[in-house]
Amino acid sequence: MASDDSGPLPSQGAAPPNIARAYNHLLGGKDTLEADRLLAERMLEAWPRAADAAIANRRFIRRSVRFMVEQGVDQFVDVGAGLPTENNVHQVAQALNPDARVVYVDNDPVVVSHGNALLAGTGTRMLQADMSEPAAILDDPAVRELIDFGRPVGVLFVASLHFLSPEEDAHGVVAAFRDAMAPGGHLAISHGLISEEIREAVQRYKTATDRGTPRTEAEIAAFFDGFTLVEPGLVPLGEWQREPAEVPENMAGLPMLAGVGRR
Ligand SMILES: C[S@@+](CC[C@H](N)C(=O)[O-])C[C@H]1O[C@@H](n2cnc3c(N)ncnc32)[C@H](O)[C@@H]1O
């Protein structure tokens, strides 16, 4: 492990540590710099289960996208998408429906430039935008070109809404997407749950990053206002339509909830 010194992380020339590349390192990705790996170590010191959570979120993406494609959804907007790694939305969706289209949205320029390189030729787009301004995403010409909001859309906020501060009105952000969604659209969310474990981790984590707003179960449930939660409802992250073979012990009890709602 890296030292527990919480001072500034080293940057490498023009490349300071990047949270998305650090997250990618937790997932076993290779596209990282030394400063990102140190940041990942610091995240693990703050919250030793951060890597389990990252893996569990990718599994939730795979299961929820598969579910949505089975419901007939063939177009997706993945908000706070992170660096493309394995089990990306387009890979899961296009394996079942080769015509599926995906717009990935992230506000991190590193994610977007890497993403566009990695996604070339896959029939997807990566848009650099801040989710706290949903109208700019919904009205973006590149989004409108690929996504027909007159038909069902799958919208994902996987481990991303808890990066919006209380002042940024995360519920208003989700409501803006909801109001743009046609019947049959689906909303998939995973989100950090307020708990003693996560409260302490966020305090430590803030020294490594600078963000993190876990919410209560009622606050997370309220993101689904105007949607009908599908089975099994809003549940611990590792439990959502869990496949028994793919859930090792360490996925249990993560302080995150996940759910999928139908418009
Ligand atoms: C923990 S990662 C989750 C990535 C991916 N959804 C997953 O579960 O593997 C959170 C992502 O949200 C992005 N993010 C944070 N705040 C954002 C904002 N205001 N607008 C858009 N993206 C944001 C970060 O850049 C990061 O890539």
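The values are calculated or read from the model by the stated rules, or taken from the named source; none is laboratory data. Fair warning: this is a prediction, and the values are worked out from it, not measured in the lab. Glycine gets a Cβ as well: all are built from the backbone with ideal geometry, and neighbour counts include every protein chain shown. Note: areas computed on protein heavy atoms with side chains; ligands, DNA, RNA excluded. Shrake-Rupley method; radii C 1.70, N 1.55, O 1.52, S 1.80 Å.
At a 1.4 Å probe, what is the % contribution of carbon and sulfur to the accessible area of the stretch 51-262? Show your work: numbers first, answer last.
Details: 4350 of 8630 Å².
C and S atoms contribute 50 percent here.
About the Cα centre, and with charges only on the beta carbon of Lys, Arg (+1) and Asp, Glu (-1), how big is the dipole of the chain? Nearest 20 debye, please.
Around 500 debye, computed over the chain.
Going by amide H atoms built from the backbone, whose H comes under 5 Å of the H on residue 154, apart from near neighbours?
Distant-sequence amide H within range of residue 154: 75, 76, 77, 186.
For the chain, take the longest principal axis of its alpha carbons; what is the angle in degrees between that and the long axis of helix 170-180, to the nearest 10 within 0 to 90?
Rounded to the nearest ten degrees, it is 20.
Report ³J(HN,Hα) in whole Hz for each residue of the stretch 60-74, in order, from the Karplus equation J = 6.51 cos²θ - 1.76 cosθ + 1.60 where θ = phi - 60°; Gly and Pro get x.
4, 4, 4, 5, 6, 5, 4, 4, 5, 5, 4, 7, x, 6, 10
Per DSSP H run of n ≥ 4, the term is -39500 (n - 2.57); total these for the chain, divide by its residue number, and report the mean residue ellipticity at 222 nm rounded to 500 deg cm²/dmol. Don't skip to the answer; put the middle values down first.
Values: 10 runs with 101 residues, N = 263.
Per the formula, -11500 deg cm²/dmol.
Which percent, to the nearest 5, of DSSP beta bridges fully inside the stretch 51-262 are antiparallel? Don't skip to the end; give the middle numbers.
Working: 11 of 30 bridges.
Around 35 percent of the beta bridges assigned by DSSP in the stretch 51-262 are antiparallel ones.
Rounded if a/c is under 1.5, else prolate if a/b is larger than b/c, else oblate: which is the stretch 51-262, with a ≥ b ≥ c the root eigenvalues of its Cα gyration tensor?
Values: a/c = 1.36, a/b = 1.25, b/c = 1.09.
Verdict is rounded for the stretch 51-262.
I'd like to check one number: the per residue accessible area of the stretch 164-242, probe 1.4 Å, reported in Å² as a whole number.
45 Å²
Could you work out how far helix 196-208 tilts from the main Cα principal axis of the chain, as a 0 to 90 degree angle to the nearest 10?
70 degrees
Sort 126-132, 216-222 for me by packing, meaning the mean count of neighbouring Cβ atoms within 10 Å per residue, highest on top.
Working: 126-132: 18.6, 216-222: 14.7.
Averaged packing, sorted descending, gives the order 126-132, 216-222.
What angle do you read, to the nearest 10 degrees and between 0 and 90, between the alpha-carbon axis of helix 109-119 and the longest principal axis of the chain?
For 109-119 against the chain, the angle is about 60 degrees.
Taking only protein heavy atoms into account and a 1.4 Å probe, give the accessible area per residue of the stretch 12-104 in Å².
Working: 3370 Å² over 93 residues.
For the stretch 12-104, the per-residue accessible area is 36 Å².
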